[in-house]
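Written out below as structure tokens is the structure these notes cover.
The values are calculated or read from the model by the stated rules, or taken from the named source; none is laboratory data. Everything numeric in this text was worked out from a predicted model, so none of it was measured. No Cβ is skipped: glycine too gets one built from the backbone with ideal geometry, and neighbour counts run over all protein chains shown. For accessibility, only protein heavy atoms count, side chains too; no ligands or nucleic acids. Shrake-Rupley method; radii C 1.70, N 1.55, O 1.52, S 1.80 Å.
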Amino acid sequence: MYEPVIAVPPSFAASALVDEAGYRAMYERSIADPEGFWGEHGRRIDWIKPYTTVKNTSYGHPDVSIRWYEDGTLNVSANCVDRHAATRPDQVAIIWEGDDPGEQRLITYRELKDEVCRFANVLKAHGVKRGDRVTLYLPMIPEAAFAMLACARIGAVHSVVFGGFSPDALAGRIEDCASTVVITADEGLRGGKRVPLKANVDAAISRISEDHFAPVETVIVVRRTGGNVAMTPGRDVWYDEEAARVPAVCGPEEMNAEDPLFILYTSGSTGKPKGVLHTSGGYLVYASMTHQYVFDYKPGDIYWCTADVGWVTGHSYIVYGPLANGATTLMFEGVPTWPTNARLWQVVDKHKVTIFYTAPTAIRALMGAGDEPVKSASRASLRLLGSVGEPINPEAWLWYYHTVGDNRCPIVDTWWQTETGGILITPLPGATALKPGSATLPFFGVRPALVDNEGNTLEGAAEGNLVLLDSWPGQMRTVFGDHQRFVETYFSTYKGTYFTGDGCRRDADGYYWITGRVDDVLNVSGHRMGTAEIESALVAHPAVSEAAVVGYPHDIKGQGIYAYVTLMQGEQPTDDLRRALVHWVRKEIGPIATPDLIQFAPGLPKTRSGKIMRRILRKIAEDHYEALGDISTLADPSVVADLIENRMNRR
Ligand code: WTA
């Protein structure tokens with residue numbers, strides 16, 4: 001295979017935080033002496049009571065326990081806000097670019113402190129205390145960051161739910177963490193269209209069973225569009241009215257390093273989404289350190305990550321990492337394709353963005369629109385590009401590099417997960433020669449390894465399952481309310497290691513190439529989804545008796561959703577029903593889970609013990625039905641011919 005290698009630009013190496021030799025030395029030290037390394041780098045944030053212990057972690061199944069800096073105390077919001085408000089009050093902390101190109105807000109660190117304190121006081125006035133869970137269901141507006149930091153300030157635990165999720169999905173997440181306070185907006189605005197957030201919250205709350213032990217008591221509504229929404233007296237309040245009544249001063253709570261900071265729900269291969277729990281000290285050290293080194297962040301940079309705060313990328317690399325570093329972070333409410341395909345590059349020019357971090361799906365979609373929209377903007381301010389969320393194909397990488405970056409900007413392809421809290425495998429732009437499509441090398445303190453399906457370690461150039469041999473400070477600590485599930489999901493497959501769920505190849509230079517999920521998790525446009533969730537939504541439809549969902553390669557989304565559906569006796573497999581099922585799944589989970597292809601299947605391939613053979617379904621969905629392997633173990637091998645005959649994805 002031809003693999004171009006792109007050397008570190010001399011200009012980067014000269015001014016970067018670390019060069020190649022520096023990376024090697026720091027990496028080796030971080031592995032040889034994690035205590036010393038993280039003990040030193042933990043001091044990059046402010047502690048109220050400094051820690052005396054650094055690492056106390058065990059991957060020993062079944063007693064997995066992960067603690068970092070466990071006797072230190074701090075406040076995350078004081079680190080992201082107060083220390084910069086004191087030293088650089090007039091620097092812009094957040095540039096907000098509205099969906100409408102005519103709308104923007106610039107919020108300085110001084111203003112950020114006032115806003116966060118006010119929001120914290122509103123939460124307090126509604127009885128929110130340390131340890132309470134608060135659900136956020138917000139558009140990409142500065143109030144989302146204010147609310148997250150306000151929770152951190154008073155020691156409450158936020159659970160941000162992506163605004164594209166349906167009322168049902170929201171209800172499940174509110175119930176699971178028993179949050180009695182929900183923060184939302186009247187409506188969101190994306191690509192000129194209104195999103196009925198408050199109405200969705202109402203619908204979600206009405207779905208939470210009456211006898212749930214923690215009913216929602218308060219809904220705080222931020223005014224975004226001014227659209228008409230129903231307000232339930234005694235439960236719903238307008239944020240602006242509440243904020244006007246409280247002072248803009250609120251002291252930060254002293255929190256332990258291991259006190260929870262947030263919960264973020266994410267999909268796994270089985271069951272309902274898991275509440276990934278991150279804690280305060282180690283998470284912030286890791287988010288801020290990776291933000292600085294991976295993006296070669298320096299004061300004066302204008303940094304833009306296009307993620308939504310509803311995903312972990314928004315948590316670590318729009319809010320916590322950049323703000324902990326006193327950076328100027330850009331928050332974008334809109335979409336890359338509205339009003340035109342040139343929007344992202346116009347925003348880059350307008351705000352003189354120097355560091356730009358986005359997802360392969362956006363790159364592929366814009367690549368499809370041609371070079372003209374890119375060339376219509378100068379992009380002269382850009383010096384570094386980033387990619388996250390899914391494997392980036394070399395073709396999209398090269399387009400990003402040549403066309404968007406004018407061959408001038410290194411690309412950091414960053415591999416990580418909701419569970420990892422921050423970036424684990426990535427180039428450092430001043431240190432790492434790049435190979436398009438490879439996430440390259442581990443960050444400091446990260447020990448990746450490849451194992452075969454039996455758990456044998458693979459050495460040298462090899463392909464296998466990606467595991468991590470030891471902990472890093474940003475690692476998730478548990479599944480909220482279910483530590484057993486945490487241990488089972490991540491530490492029981494290959495004992496003594498954390499299993500990522502990803503497949504990976506390591507080349508002769510030691511570079512890592514993530515090949516995608518090896519479990520039943522899909523990655524559609526960089527959004528993670530469990531096949532089990534989509535299947536359970538489908539079988540909840542009265543016409544459906546059975547469903548199996550798999551992924552297949554999709555030019556823009558990376559993966560598309562392919563659903564095999566068996567109907568109830570007497571139901572007719574019509575196009576109308578197909579459309580109804582698509583609509584149903586959108587309503588049950590949200591538009592991100594929209595099935596791309598639905599095949600009506602009289603029967604699914606099952607073993608004699610009743611287990612669905614997904615391997616076969618995947619091959620047919622990929623249109624590679626020539627190599628199905630042994631199907632003689634199926635209870636009824638004849639179903640396969642029908643599946644092939646009526647397959648939906650023909651090239
Ligand atoms: C995939 C997003 C290849 C991977 C931060 C992982 C990637 C899952 C990359 C986590 C990358 C993320 N190259 N694959 N640079 N980044 N992934 O939890 O399969 O939404 O396990 O976190 O996305 O998705 P999550």
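Listed values, structure above:
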| read-out | value |
| --- | --- |
| List His554, His624, ordered by accessible area with a 1.4 Å probe, largest first | His624, His554 |
| Nearest-0.05 FRET efficiency for His483 and Arg235, computed from C-beta distance (R0 35 Å) | 0.60 |
| Derived scalar couplings ³J(HN,Hα) [region 510-525; Karplus, 6.51 cos²θ - 1.76 cosθ + 1.60; whole Hz; x for Gly, Pro] | x, 7, 9, 10, 6, 9, x, 5, 9, 10, 8, 10, 9, 10, 10, 6 |
| FRET E, pair Gln104, Ala125, Förster distance 45 Å, beta-carbon r, rounded to 0.05 | 0.90 |
| For region 525-646, alpha-carbon Rg over 2.2 N^0.38 Å | 1.03 |
| Accessible-area order (highest first, 1.4 angstrom probe) of the listed residues Thr279, Thr180 | Thr180, Thr279 |
| Mean accessible surface per residue for region 102-218, computed with a 1.4 Å probe while every protein chain stays in place, in Å² | 34 Å² |
| Relative contact order, percent, region 525-646 [alpha-carbon distance under 8 Å, six or more residues apart] | 23 percent |
| Cα principal axis extents for the chain, largest first, Å | 72, 63, 56 |
| Fraction of alpha-carbon pairs over 18 Å apart in region 103-216 - percent | 51 percent |
| Spherically averaged projected area in nm², based on the convex hull that wraps the Cα atoms of region 328-478 | 10.8 nm² |
| Interchain or long-range residues, amide H under 5 Å from Arg224's placed H | Asp186, Glu187 |
| Loop GluC sites (Glu not before Pro), region 245-297, which have at most 16 other Cβ atoms in a 10 Å radius of their Cβ (DSSP) | Glu254 |
| Relative contact order %, region 110-159, counting alpha carbon pairs below 8 Å whose residues are six or more apart | 49 percent |
| Under 16 Å from Lys606, Cα to Cα: lysines that are on another chain or at least 8 residues apart | Lys619 |
| Formal net charge of residues neighbouring Arg133 (Cβ-Cβ distance under 12 Å; K, R +1; D, E -1) | 0 |
| Tensor-based shape of region 421-485 (alpha-carbon gyration tensor, a/c under 1.5 rounded, otherwise prolate or oblate) | oblate |
| Separation in nanometres of the label points that stand 7 Å from Cα toward Cβ, at Thr53 and Ala13 | 4.4 nm |
| Filter on Lys129/Lys198; Lys113/Lys557; Lys129/Lys298; Lys193/Lys274; Lys495/Lys611 - keep pairs with C-alpha separation over 27 Å | Lys113/Lys557; Lys129/Lys298; Lys193/Lys274 |
| DSSP loop chymotrypsin sites (Phe, Trp or Tyr not before Pro) with at most 11 other Cβ within 10 Å excluded, longest remaining stretch of the chain | 214-651 |
| Percent carbon-and-sulfur accessible area, the chain, ignoring ligands, DNA and RNA, probe 1.4 Å | 52 percent |
| Solvent-accessible heavy-atom area per residue, rounded to whole Å², over region 525-646 at 1.4 Å | 46 Å² |
| Pairwise label distance in nanometres, Ala21 with His402, each label 7 Å out on the Cα-Cβ vector | 3.5 nm |
| Rounded to the nearest 20 debye, dipole of the chain from Cβ charges on Lys, Arg, Asp, Glu | 620 debye |
| Sequence-separation-based contact order of the chain, relative, with Cα cut under 8 Å and 6+ spacing, percent | 13 percent |
| Net length gained if the chain between Glu210 and Met568 were fully extended (0.36 nm per residue, minus Cα distance) | 125.7 nm |
| With all protein chains modelled, accessible area of Cys504 [1.4 Å, Å²] | 0 Å² |
| Distant-in-sequence amide H partners of Asp236 (H built 1.01 Å from N, under 5 Å) | Val219 |
| Fraction of the pair-distance distribution of region 146-301 above 23 Å, Cα-Cα pairs, percent | 49 percent |
| With all protein chains modelled, accessible area of Thr457 [1.4 Å, Å²] | 90 Å² |
| Using a Förster distance of 41 Å, the FRET efficiency for Ser545-Asp630 (Cβ separation, nearest 0.05) | 0.90 |
